[in-house]
Each structure stands twice: as structure tokens, then as C-alpha cells.
1. Restricting attention to region 102-131, which residues are out of contact with any strand residue (DSSP E or B) (no Cβ under 6 Å at 6 or more places or on another chain) and exposed (fewer than 14 other Cβ atoms within 10 Å of the Cβ)?
2. Within region 31-45, track down each residue that is surrounded by fewer than 19 Cβ atoms within 10 Å (Cβ to Cβ) and in contact with a strand residue (DSSP E or B) (Cβ under 8 Å, 6 or more places away or on another chain).
3. Taking the stated definitions as given, is residue 155 touching a residue at least 12 places away in the same chain (Cβ under 8 Å) and surrounded by fewer than 19 Cβ atoms within 10 Å (Cβ to Cβ)?
4. So, of the residues in region 50-60 that are in contact (Cβ under 8 Å) with a residue 24 or more places away in the chain and surrounded by fewer than 20 Cβ atoms within 10 Å (Cβ to Cβ), which turns out to be farthest from residue 235 (Cα to Cα)?
5. List pairs: first in region 75-92 and in contact (Cβ under 8 Å) with a residue 24 or more places away in the chain and at positive phi, second in a loop (DSSP other than H, G, I, E, B) and surrounded by fewer than 24 Cβ atoms within 10 Å (Cβ to Cβ), Cβ under 7 Å, 6+ apart or cross-chain?
6. Select, from 34, 106, the only residue that is part of a loop (DSSP other than H, G, I, E, B), closer than 21 Å to residue 179 by Cβ and in contact (Cβ under 8 Å) with a residue 40 or more places away in the chain.
7. Among the residues of region 67-91, how many are touching a helix residue (DSSP H, G or I) at 6+ places or on another chain (Cβ under 8 Å) and more than 20 Å from residue 218 (Cβ to Cβ)?
8. Has region 221-237 got any residue that is surrounded by 15 or more Cβ atoms within 10 Å (Cβ to Cβ), assigned to a loop (DSSP other than H, G, I, E, B) and in contact with a strand residue (DSSP E or B) (Cβ under 6 Å, 6 or more places away or on another chain)?
């Protein structure tokens, strides 16, 4: 192949591939499949620290998404958003990429893990698995640990190989209710970001270190609404990227 053709081929690859060399989805596929519940978080741009969250449901994987309830205000990362690692693979386009400690909330499509609460009885009837948020619950953010980016009770493991972890039963109450987001879990890449939750906020306008937070009643409402049998997903995007995908993903309202 001539040098010119090699150059053109390289440019085409750079256009169609993400930062990890994987082909980008350019909107032709419904990447939200097979979910029938969705939490959609949209910020106006990458650097915004505030966003809106809207619940959606659909009757089947080939049906249109329909709104459930009213949108709610949420705070996101203090540095805005950056492409995370989730069901969508890597980056779906241009924009920053999330790293450990960067203060960005992950953008993309993510499945949801266990919920947690300091008083599980106060949460009421839920279908998501719940962890008791007591002094033994930790989330490890030490990228050198074999437990990096895992939420678990210290009673369930032998040996402590981490130097840094999230304090879960926080005195400020932000983690009294919450939900683990499966960002950077399968596969897990050290340093790509850890311990991402949906949780209670301190106040409107107080950004997080990378989580998405909201009023306590809205967080409780999500925990009570989510149904693992409907394979719920969290979708977080800046508005320009959301508008790129909404038609292919059949988000019509």
C-alpha cells in the first residue's frame, strides 16, 4: 500500500475507533437493549455539574421509551462528565475520558448493582438487592488492590490489601440511601474510575467527586421503582450526544 493510502487508512481508523481502538457506535444500534427501565441523565455540556434525571420504561425491547413521572434535578461530578466504561464499551465519540480522581461523572450506558442503606427498613419494599450500610461496608478506590472498585462488607473477605476506600456510613448522610453503578466493572481497568453511586445530595448545586446525587425522596423513589427483572440501565450523556442517539434508541418524548 502506498504511503498516502496508509495515511488515509489511519485517518479513517482514528475516526471510527474509540480511544481503546474499538469501533464507535454511530447511532445505528439501540445500545440500551435489552433494558426496559432506564434512568436518563442529561447535562447541557461536558463541563456542567448539574443535570436532569428522567425515568423511562418500555413494554418490550422493540417498543419506544416512555417517560415515567417528572424529571428531577441532580448534581453530577465537580468536573462534569467524561466517557466511562460500561455496556457501551469505551467512548462513543469525542470528549474527555474518565480517570480515577478526576471529579467526572461517567458518561455512557451502565447496568446497576446493589442498593445500600443505613436503615434498610426505612427504604420500604424494594426489588433491588440491598446492602446494609454499616461500619463494615466499604468501597475500595485503591487501584492497586485486588478489590478495586468493589462494594462489599469487610466481614466477607480475608485480608486487607487497600490503602484507600470510601467511608460508606458517612456522618453527612449522603450515603444513607444509594445504588452502585456498574462503571468500569467488566472488565475492570485499574485507574479508570471507581465507586460510582447514585446517592443522596448535600444540597442542590453541591457537585460530587463523580457520582450522581439528588434529594433523599427522589433517591428513595428510584430504589422503590427499579425492577432488576426489567434490566434497568443508567444512561448519562451531555445533550449533544443524547440528541445524536435518541432516535436510534427510540426515545420519542
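1. Result: 119, 121, 122, 124, 125.
2. Answer for region 31-45, where residues must be surrounded by fewer than 19 Cβ atoms within 10 Å (Cβ to Cβ) and in contact with a strand residue (DSSP E or B) (Cβ under 8 Å, 6 or more places away or on another chain): 44, 45.
3. Numbers: touching a residue at least 12 places away in the same chain (Cβ under 8 Å): yes; surrounded by fewer than 19 Cβ atoms within 10 Å (Cβ to Cβ): yes.
Criteria met by residue 155.
4. Of the residues in region 50-60, the ones in contact (Cβ under 8 Å) with a residue 24 or more places away in the chain are 50-51, 53, 55-58, 60.
Checking the rest, the ones that are also surrounded by fewer than 20 Cβ atoms within 10 Å (Cβ to Cβ) come to 50, 57-58, 60.
Details: 50: 15, 57: 13, 58: 15, 60: 18 Å.
The extreme case among them is 60.
5. 80/46; 80/47; 80/48; 80/49; 89/18; 89/22
6. 34 is the lone residue from the list that is part of a loop (DSSP other than H, G, I, E, B), closer than 21 Å to residue 179 by Cβ and in contact (Cβ under 8 Å) with a residue 40 or more places away in the chain.
7. Result for region 67-91: 0.
8. yes
The values are calculated or read from the model by the stated rules, or taken from the named source; none is laboratory data. The shown structure was predicted, so the numbers you read here are calculated from the model rather than taken from an experiment. Note: ideal-geometry Cβ built from the backbone for every residue, glycine included; neighbour counts use all protein chains shown.
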